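One structure is given below, encoded as structure tokens.
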Amino acid sequence: MINSATKILSENGHECVKSLLKNVRNFKVIPKLTDEINSKNTALRQKISEYLCIVTDIFEPQILEKYQIVLEEAITTLICDANKEVRLNMRQTFSIYAEKFPHRGEKLFSNFDASVQKPLIDEGHVDTNIYLRKTSSNSSAGREAKANQRPSSASAKKGDMKGGFASPTS
């Protein structure tokens, strides 16, 4: 009986916090939320990931810009979490963040492991052009290195072909 009462209070509190975040836009909440990303409590990390998704979606880019470092740290940490709900929330958060800050989102994406990048691409949270640009720059660099080692006509032709992808410097 006591456990069910605690669960009801906990869920009501969670819904209240979500409602407060949506309706009262206080930027001071961001550092408070990110302080708890390393908690051992899975339920807390799951709720924090939901709150961060709401905050990233609701707040204007000018406010989020002040907290980019802590937000990126939270995204990077929680997107690799053991809990699948936390990872899902953080993929959504990353998508929103990348829409608001395209260059920072691309940089953050390129720092993720392939195991993190694949679900982002598969679920449509990231523009596939970012992924193609990253892989094309890596393969172009490999082709150019091979062309420099063996100056045959076949390898020179391979090194010249870029396939229409963006240059590695963009």
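For the Cα trace of the range 15-92, dividing Rg by the Kirkwood Rh returns an Rg/Rh value of 0.93. Cα convex hull, the range 54-125: 80 Å³ per residue, rounded to a whole number.
For the range 1-135, the convex hull drawn through the C-alpha positions has a volume of 109 cubic angstrom per residue. Holding the Cα-Cα limit at 23 Å, pick out from LYS40/LYS118; LYS7/LYS40; LYS7/LYS47; LYS84/LYS118; LYS40/LYS107 the pairs that are longer than that. In this structure, LYS40/LYS118; LYS40/LYS107 exceed 23 Å between Cα atoms.
The chymotrypsin sites (Phe, Trp or Tyr not before Pro) found in the range 1-77 that occupy coil by DSSP, while having at most 15 further C-beta atoms within 10 Å, are PHE27. Atom-type composition of the exposed protein surface of the range 7-78 places 55 percent of the accessible area on carbon and sulfur (1.4 angstrom probe).
The values are calculated or read from the model by the stated rules, or taken from the named source; none is laboratory data. As the structure is a computational prediction, the values presented were derived from the model and not from experiment. A quick note on method: Cβ atoms are made from the backbone with ideal geometry, for glycine too, and the neighbour counts reach across all protein chains shown. All accessible areas refer to the heavy atoms of the entire protein, side chains included, with ligands and DNA or RNA removed. Shrake-Rupley method; radii C 1.70, N 1.55, O 1.52, S 1.80 Å.
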